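Engineer: Okay, here's the structure, questions in a sec.
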Amino acid sequence: MKYTNILLLISLLAFVSCGHDNKGHDHSEAEEEHAHEIHGEKEESESDEIILSPQAAEKYGVKVSAISKKSFSDAIKVSGSIVGAPDDAASIVAKSSGILSLNRDILPGKKLNTGASIGVVTSKGFTGGDADELASLQYQAAKKELDRITPLYEEGIVSAKEYNAAVAACEQARAAHSGRNGGSSLVTPVSGVITELLVKQGEYVNAGQPVATVSRNSRLMLRADVPQKYHSMLSGVTTANFRPAYSDEVFSLSELNGVRSSSVDNVSVQPGYIPVYFSFDNNGAVVPGSSAEIYLQRESADSVLVIPVSALTEQQGKLFAYVKLDDHGYEKRNVTIGMSNGKEAQLLSGIKEGETIVTEGVIFVKLAETSNVVPEGHSHNH
């Protein structure tokens, strides 16, 4: 990470110093001046202004926006987890009894399409013979009897009662027959990912027994474990932001078609905590089974100045943001924030309404701050 920052700094220096040479300056003069600036031989300006060319800002994704007032409320920060929605999973069930034989590549995480087979169940080798083979023999016998009695019924020799009984016996035998000599196939009813294997390779299973669970992962659930002291506030909670443990990105349920799926009167599943559930669409970036930092949002309060959390940087325990002064100039400001919902925070001091701040690419402005490079012709006075 240290070497990456050095490379980025060198690249930024090239943009801010060499990209603004006026006519009459050749490349050697610019490079010499650039070298002097890197080694501190050029006289430093007394201004705190940070210089970054528009070309460099565009290249490194530096984006800005104006500070404004908007409806905002505090959030209850809790921990929780991301789980699959109950109605988003399906079971692969054994159609007959016997020994489970899974395909070689069947493991949790395997993607399947509807109708794909994950293995077979066979009863060959058991005392008493193959149950599926027995069902096949019974079906063949019932069909043979039906074929014998049908023309007799048409000639009026056999009664309707006897004929109907033969038809019923044939249908029952056919239903019991799996249609496969040596076992039945294990087929997934939906497209998705295997999340759990419920039976081990080579184990005996009964007909109707679930063998594996497949999740479509199209809809997920967020469970927030809320301390009981916040019980009175839960009625006002309508949505939430959350940050999975494996990511620095904060997701908003409002952007994922999220809805609260639990009532205020949830029963506590662990002492001292109340679970609050939300369901939301999986955008492909959220991993089920992960823990998460959750910001439960209540109904919006009065309009206040708000700053994106992505605009903030911390140094020696203090928070700072970068204000854009003009096309080339930026200024580092110490700011104070109040309540936060994980994506935005209430701005209490340091920046005024209408001022423009850096919201993305803050790290590159911070690197430019250390270079202290001033393009020729640019004044620090505003």
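Engineer: Which residues, counting only those in the stretch 348-372, are among the aliphatic types (A, V, I, L, M), part of a strand (DSSP E or B) and open to solvent by less than 50 Å² (accessible area, probe 1.4 Å)?
Structural biologist: Ile357, Val358, listed by residue number.
Engineer: Filter the stretch 295-315 for residues that are among the hydrophobic types (A, V, I, L, M, F, W, C) and touching a Lys or Arg at 6+ places or on another chain (Cβ under 7 Å); which is modelled with the lowest pLDDT?
Structural biologist: Among residues in the stretch 295-315 that are among the hydrophobic types (A, V, I, L, M, F, W, C) and touching a Lys or Arg at 6+ places or on another chain (Cβ under 7 Å), the one modelled with the lowest pLDDT is Val304.
Engineer: Scan the stretch 185-204 and tell me whether some residue there is surrounded by fewer than 17 Cβ atoms within 10 Å (Cβ to Cβ), touching a helix residue (DSSP H, G or I) at 6+ places or on another chain (Cβ under 8 Å) and either free of Cβ contacts under 8 Å to residues at least 24 places away in the same chain or among the polar types (S, T, N, Q) (or both).
Structural biologist: So far as the stretch 185-204 goes, no, none of its residues is surrounded by fewer than 17 Cβ atoms within 10 Å (Cβ to Cβ), touching a helix residue (DSSP H, G or I) at 6+ places or on another chain (Cβ under 8 Å) and either free of Cβ contacts under 8 Å to residues at least 24 places away in the same chain or among the polar types (S, T, N, Q) (or both).
Engineer: Okay, next question. Anything in the stretch 251-267 that is hydroxyl-bearing (Ser, Thr, Tyr) and either open to solvent by less than 70 Å² (accessible area, probe 1.4 Å) or at pLDDT 90 or above (or both)? List them, or say none.
Structural biologist: Ser252, Ser261, Ser262, Ser263
Engineer: A further question on this structure: Yes or no: the stretch 316-328 includes at least one residue that is polar (S, T, N, Q), surrounded by 12 or more Cβ atoms within 10 Å (Cβ to Cβ) and at pLDDT 85 or above.
Structural biologist: no
Engineer: Within the stretch 236-250, work out how many residues are charged (D, E, K, R) and modelled with pLDDT of 90 or more.
Structural biologist: The qualifying residues number 1.
The values are calculated or read from the model by the stated rules, or taken from the named source; none is laboratory data. Predicted, not measured: the structure shown is a model, and the values here were computed from it. FYI the Cβ positions are ideal-geometry reconstructions off the backbone, even for glycines, and counts take in every protein chain you see. When the accessible area is computed, the model is the full protein with side chains, heavy atoms only, and any ligands, DNA or RNA have been set aside. Shrake-Rupley method; radii C 1.70, N 1.55, O 1.52, S 1.80 Å.
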